[in-house]
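Below: the structure, in structure tokens.
The values are calculated or read from the model by the stated rules, or taken from the named source; none is laboratory data. Quick caveat: nothing in here was measured; it's all calculated off a predicted structure. Here the Cβ is made from the backbone with ideal geometry for all residues, glycine too, and neighbour counts use every protein chain on show.
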């Protein structure tokens, strides 16, 4: 796990860093495991008051490792062998838990985002309570590029943050949008020249408040959300239909071969 995520704790603040910087912190199997395991361990961490989640190197998280997409083009690969509809972690499957686990932490989580947050990396940022972005950050709900849907708990969270028509446009097109747009859409809390330093400062401020009250506030705010269960399951069901299908495989091949896709009508 240490080769994917590092955790240090000072004054009740857990500084959690994705440390696969040479791969722009892309999500491979080991990174998924590390995200799930780290969140699970922090749930019972004595003295925890707040969490800062950030990425080392050039990016917060570039999304799913491209090798996993390449495997799909051959008929589904390892992802096709998994039953995504199986609820392995309460309401979620394993990949959803890599995001939803941060929502379940009893303390506030602040994502410090820089570089890019694409696809699964964008959804990971959504798992935080608060998002601080560097002004030159680029984001995208990029799954459509690969013939897929966002299926890492993004849809129930996004439904609470973004106007319906904006959410549809971003998800249908997969276009890359700026930090300034993210701010206007309601996807960013604040733009900061140094988001990690700002996040740590805010986390220290939160850590100085009554831990009982902070945890009570998070419980109350989490209860304001719609029931996420049906949306989380629907993500998985729709994704399983798409993975390894002819048009999804064509989307992957076209991206790898850097050509326009040739989709079949259904």
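Taking every residue in the range 170-186 that is under 18 Å from residue 111 (Cβ atoms) and pairing it with any residue that is in a helix (DSSP H, G or I), at least 6 positions away or on another chain, the pairs with Cβ-Cβ distances below 6 Å are 185/166; 186/161. Listed here are the strands (runs of 3 or more DSSP E) enclosed by the range 87-162 that have at least 3 residues being touching a helix residue (DSSP H, G or I) at 6+ places or on another chain (Cβ under 9 Å), touching a residue at least 24 places away in the same chain (Cβ under 8 Å) and within 25 Å of residue 204 (Cα to Cα): 109-113, 130-133.
In the range 108-137, what residues are surrounded by fewer than 21 Cβ atoms within 10 Å (Cβ to Cβ) and within 23 Å of residue 57 (Cβ to Cβ)? Reasoning before the result, please.
Applying the first criterion (surrounded by fewer than 21 Cβ atoms within 10 Å (Cβ to Cβ)) to the range 108-137 yields 115, 129-130, 134-136.
Hits for the range 108-137 are 115, 130, 134, 135, 136.
Checked against (1) touching a helix residue (DSSP H, G or I) at 6+ places or on another chain (Cβ under 8 Å); (2) farther than 30 Å from residue 16 by Cα; (3) modelled with pLDDT of 95 or more, residue 244 meets all criteria but (3).
Where in the range 192-266 are there helices (runs of 4 or more DSSP H), lying wholly inside it, with at least 3 residues that are without any contact (Cβ under 8 Å) to a residue 12 or more places away in the chain and surrounded by fewer than 11 Cβ atoms within 10 Å (Cβ to Cβ)? Working first, answer last.
Values: elements: 195-207, 211-223, 229-242, 246-257.
Those helices (runs of 4 or more DSSP H) span 211-223.
When the range 94-107 is limited to residues that are more than 14 Å from the chain's Cα centre (by Cα) and buried (at least 22 other Cβ atoms within 10 Å of the Cβ), the one that is farthest from residue 43 (Cα to Cα) turns out to be 107.
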